[in-house]
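Q: If you scroll down you'll find the structure; I have some questions about it.
The values are calculated or read from the model by the stated rules, or taken from the named source; none is laboratory data. This structure is a prediction, so every number in the text was calculated from the model and none was measured. Cβ placement follows ideal geometry from the backbone for every residue including glycine, while neighbour counts extend to all protein chains displayed.
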Amino acid sequence: MLCRKCDSTRHQAYLESIGWTRNAVTTAKSKVGMGKTSVPATDAPVNSSASGSEEIVQKQTVSFLAHASDMRLPTNVVLSELLSYVCCYRNRSNVDGIRHVVLSFYTPEEITIAKKLLVREFFVQIKNTSFTTERRSSAVRPAHDAEIDDIIGILDDLDAQQALDTYLFVSSDITRIPKYGPEELNIGAVVERQLRVETVVDNLAAPVEQLSSRFGTGESVQPTSTESVDKFAGLLDNRISSLSAMLDAQVTEIKKTCSQTLKTSVTPVQQQPVIDRSCNIVLFGVDDCNGNDSTMRSKVDDILLCVNGQPVVVRDMFRLGRYQAGKNRPILVKLQSAWDRRIILSKRSTLHNSVYNNVYIV
């Protein structure tokens, strides 16, 4: 039996004889349970936020370099059950199905480790994207839920760059891979339904055995069944009668309340007159002459003539509020039509360049 050094030397000679060369890597060995994992060194920076999670990511990465001329073989192998499952079904199922399976099967820590592994291996290709951002949980969405979208987005982006042609994602623990694809999620519903049926059958088994034993001994069950049915029918009749009485009382109370409401609220509203304000305008800044309506009317006519360029028919006008010395009360003017009001409001800016530049119309 050869020693370990001799065995390694012969194995290296065998690899060189078949055309395989090892990539110059720096091996860091760390214990994971009872075994050890070799980690290749890389020049790509790692977006690490916690040293503990980064150590776990490094313990799960295994890479080797194949012969450059043999393009049929992958040049790098990445060990991750989650990534191997996602890569397998990425082009065979929809994104929602993959997300549902991964979120229900893998733990949040496994999802975080898988994303860190992708960022570490392909940092050069995705360093200018938002996928390298560390996700944090919020009140609406947990962090690992968003990291699933990042993993699928990273793989799509790498596939567009043809960066996955030389990579192979493999698994070392078959128990950490779902036994069904995203398109077979109805299997879970079938299993759940079967469990429910088995539970119902177990619950019915005991009563059926009791009945069969009673029939086997010749015991009569008809009188007991008839008495139970009659008693149950009587309880139903009483319950229905009480519910009918309660419903009738509530309907009567609702009708009474509605009639009172109509008498107190609807009638006064219907009697209120409808006021038409579509022809009204208000003038501010017109000099106030207490009690002299003719002067007010002549000033209003001159202002409207200045605005419109021709006389405007006015039905009525009056001051708003009580007279106070030194203050000009606004004037409410009722025009003949709503069209005249529109014309006056559209041309009111002409007052700024006239003798009435202190008058405003609204």
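Q: Output yes when any residue across the range 303-317 is out of contact with any strand residue (DSSP E or B) (no Cβ under 9 Å at 6 or more places or on another chain), exposed (fewer than 10 other Cβ atoms within 10 Å of the Cβ), of a type in the set (S, T, N, Q) and farther than 19 Å from residue 354 by Cβ, and no when none is.
A: no
Q: Could you check how many residues of the range 318-337 are farther than 18 Å from residue 348 by Cβ, surrounded by 11 or more Cβ atoms within 10 Å (Cβ to Cβ) and not aromatic (Phe, Trp, Tyr)? Spell out the reasoning first.
A: Here is the first cut: in the range 318-337, the residues farther than 18 Å from residue 348 by Cβ are 318-327, 329.
Still in the running and surrounded by 11 or more Cβ atoms within 10 Å (Cβ to Cβ): 318-319, 323, 329.
Now restrict to residues that are not aromatic (Phe, Trp, Tyr): 319, 329.
Matching residues across the range 318-337 total 2.
Q: Within the range 72-119, work out how many residues are among the basic types (Lys, Arg) and not in a loop (DSSP other than H, G, I, E, B). Please lay out each step first, then the result.
A: Going residue by residue through the range 72-119, those that are among the basic types (Lys, Arg) are 72, 90, 92, 99, 115-116.
Next, from what is left, pick out any that are not in a loop (DSSP other than H, G, I, E, B): 99, 115-116.
Summing the residues that are among the basic types (Lys, Arg) and not in a loop (DSSP other than H, G, I, E, B) in the range 72-119 gives 3.
Q: Is it fair to say residue 346 is farther than 11 Å from residue 281 by Cβ and touching a residue at least 40 places away in the same chain (Cβ under 8 Å)?
A: Working: farther than 11 Å from residue 281 by Cβ: yes; touching a residue at least 40 places away in the same chain (Cβ under 8 Å): no.
It is false that residue 346 is farther than 11 Å from residue 281 by Cβ and touching a residue at least 40 places away in the same chain (Cβ under 8 Å).
Q: In this structure, does residue 179 turn out to be of a type in the set (Lys, Arg) and in a helix (DSSP H, G or I)? Please lay out each step first, then the result.
A: Working: of a type in the set (Lys, Arg): yes; in a helix (DSSP H, G or I): no.
Considered against the rule, which asks whether it is of a type in the set (Lys, Arg) and in a helix (DSSP H, G or I), residue 179 comes out as no.
Q: From the set of residues in the range 132-162 that are over 20 Å from the mean Cα position of the chain (by Cα) and surrounded by 17 or more Cβ atoms within 10 Å (Cβ to Cβ), which is farthest from residue 103 (Cα to Cα)? Outline the logic, then answer.
A: Of all residues in the range 132-162, those over 20 Å from the mean Cα position of the chain (by Cα) come to 132-134, 154-162.
Narrowing the set further to residues that are surrounded by 17 or more Cβ atoms within 10 Å (Cβ to Cβ) leaves 132, 154-155, 158.
Values: 132: 20, 154: 17, 155: 17, 158: 22 Å.
Among those residues, the one meeting the criterion is 158.
Q: While we're here: Somewhere in the range 174-182, is a residue over 16 Å from residue 106 (Cβ atoms) and either over 25 Å from the mean Cα position of the chain (by Cα) or among the aliphatic types (A, V, I, L, M) (or both)?
A: First, pick out the residues of the range 174-182 that are over 16 Å from residue 106 (Cβ atoms): none.
No; the residues of the range 174-182 include none that is over 16 Å from residue 106 (Cβ atoms) and either over 25 Å from the mean Cα position of the chain (by Cα) or among the aliphatic types (A, V, I, L, M) (or both).
Q: Okay, next question. Considering 176, 193, which residue is within 30 Å of residue 102 (Cα to Cα), surrounded by 10 or more Cβ atoms within 10 Å (Cβ to Cβ) and modelled with pLDDT under 80? Quick ask: steps written out before the conclusion?
A: Numbers: 176 fails: modelled with pLDDT under 80.
That would be 193, the only listed residue that is within 30 Å of residue 102 (Cα to Cα), surrounded by 10 or more Cβ atoms within 10 Å (Cβ to Cβ) and modelled with pLDDT under 80.
Q: A follow-up question, please. So is residue 40 assigned to a loop (DSSP other than H, G, I, E, B), more than 19 Å from residue 151 (Cα to Cα), at pLDDT 50 or above and over 37 Å from the mean Cα position of the chain (by Cα) or not? Spell out the reasoning first.
A: Values: assigned to a loop (DSSP other than H, G, I, E, B): yes; more than 19 Å from residue 151 (Cα to Cα): yes; at pLDDT 50 or above: no; over 37 Å from the mean Cα position of the chain (by Cα): yes.
Here the answer is no, as residue 40 does not meet what is asked.
Q: Residue under question is residue 65, and the condition is that it be at pLDDT below 90, of a type in the set (A, V, I, L, M), touching a strand residue (DSSP E or B) at 6+ places or on another chain (Cβ under 8 Å) and in a loop (DSSP other than H, G, I, E, B); does it hold? It would help to see each step written out before you state the result.
A: Values: at pLDDT below 90: yes; of a type in the set (A, V, I, L, M): yes; touching a strand residue (DSSP E or B) at 6+ places or on another chain (Cβ under 8 Å): yes; in a loop (DSSP other than H, G, I, E, B): yes.
Answer is yes for this residue.
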